[in-house]
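Single-structure report; data block below.
The values are calculated or read from the model by the stated rules, or taken from the named source; none is laboratory data. Note that the structure is predicted; figures quoted are calculated from it, not measured. Reconstructed Cβ throughout: ideal geometry from the backbone, glycine too, with neighbour counts over all protein chains shown. Surface areas here come from the heavy atoms of the whole protein model, side chains and all, with no ligands, DNA or RNA. Shrake-Rupley method; radii C 1.70, N 1.55, O 1.52, S 1.80 Å.
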Amino acid sequence: MSRLVLFVCPHGAGKSRMAAAFFTRVAPPGWSATSAGLEPDPVVSPRAVRLLAGGEAEPLLDREPPRPIHAVGVADRLVAIDCAPDGVTDHWELRHRKFDAVMRDELRDRAEALAAEVHDG
């Protein structure tokens, strides 16, 4: 049985996309991740693409148009990043809000910690 982590951010185009890619890179067997937005942007953030360029998570970045939460369905974990949708199981307020390498690294560290938690849990 596959289990799903849904990462949600305000627009579903950047932070949630990167977190899903980082989680997927180290996901335990049977787990997968996707992303959504409260008010989805029409395209994936070019900043997210640029921040993952050349890294191990780059090929895992979902480049489909951002989608609303209801388009994803039921998730085992709902991780809200800098937003507060209904049904949240994990809420991440990023310490660093500027869209740069520091934010990318915080998202990577948190996504990897979540993967370790669900693996052990």
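Rounded, prolate or oblate: which fits the range 75-117 when a ≥ b ≥ c are the square roots of the eigenvalues of the alpha-carbon gyration tensor, with rounded for a/c under 1.5 and prolate only if a/b beats b/c?
oblate
Anyone know which of 86, 109, 62 comes out most mobile in the 10 Å Cα GNM of the chain?
Most flexible of the set in this elastic network: 86.
Given the whole protein assembly as supplied and a 1.4 Å probe, what does the accessible area of residue 4 come to in Å², nearest 10?
My reading of the accessible area for residue 4 is about 30 Å².
Might you tell me the accessible area per residue for the range 22-121, computed with a 1.4 Å probe and given in Å²?
With the other protein chains kept in place, the range 22-121 gives 56 Å² per residue.
Output wanted: per-residue J couplings in Hz (rounded whole) for the range 71-77, from phi through Karplus 6.51 cos²θ - 1.76 cosθ + 1.60, θ = phi - 60°, x for Gly and Pro.
With coefficients 6.51, -1.76 and 1.60, one gets 6, 8, x, 7, 10, 6, 9 Hz.
At what distance in nm do the modelled label points of residue 100 and residue 120 sit from each other, each positioned 7 Å from its Cα along Cα→Cβ?
Each label point is offset 7 Å from its Cα along the Cβ direction, giving 3.2 nm.
Can you divide the C-alpha Rg of the range 42-109 by 2.2 N^0.38 Å and report the result to two decimal places?
The range 42-109 yields a ratio of 1.20.
Rounded to the nearest percent, how much of the accessible area of the range 1-107 (1.4 Å probe, protein heavy atoms only) is carbon and sulfur?
Numbers: 2890 of 5370 Å².
Roughly 54 percent, rounded to a whole number.
Just to be sure I understand the model, the point goes 7 Å from the Cα along the line to the Cβ. What's the resulting residue 4 to residue 38 distance in nm?
If labels sit at residue 4 and residue 38, their model points lie 2.1 nm apart.
Quick one: net charge of residue 51's neighbours, Cβ under 9 Å, K/R +1, D/E -1? Mind dumping the intermediate values first?
Values: positive: 47, 50, 104; negative: 100.
Within the 9 Å Cβ shell, the charges total +2.
In the range 83-121, what GluC sites (Glu not before Pro) fall in a loop by DSSP, with at most 11 other Cβ atoms inside 10 Å? Before the final figure, lay out each step's value.
Details: sites: 93, 106, 112, 117; in loops: 93.
In loop regions of the range 83-121 (DSSP not H, G, I, E or B), the sparsely surrounded GluC sites (Glu not before Pro) are 93.
Need the full-extension length gain, residue 58 to residue 93, defined as separation in residues times 0.36 nm minus the C-alpha distance. One decimal, nm. It would help to have the intermediate numbers written out before the result.
Working: separation 35, 0.36 × 35 = 12.60 nm, distance 2.34 nm.
Extra length from residue 58 to residue 93 when fully extended: 10.3 nm.
Return the Cα extents of the chain along principal axes one, two and three, sorted largest first, each rounded to a whole Å.
34, 28, 26
Nearest 20 debye, what's the magnitude of the dipole of the chain about its Cα centre given +1 on Lys and Arg Cβ and -1 on Asp and Glu Cβ?
Computed charge dipole of the chain: roughly 300 debye.
Among 97, 67, 47, whose mean-square fluctuation peaks in a Gaussian network model of the chain (Cα, cutoff 10 Å)?
97
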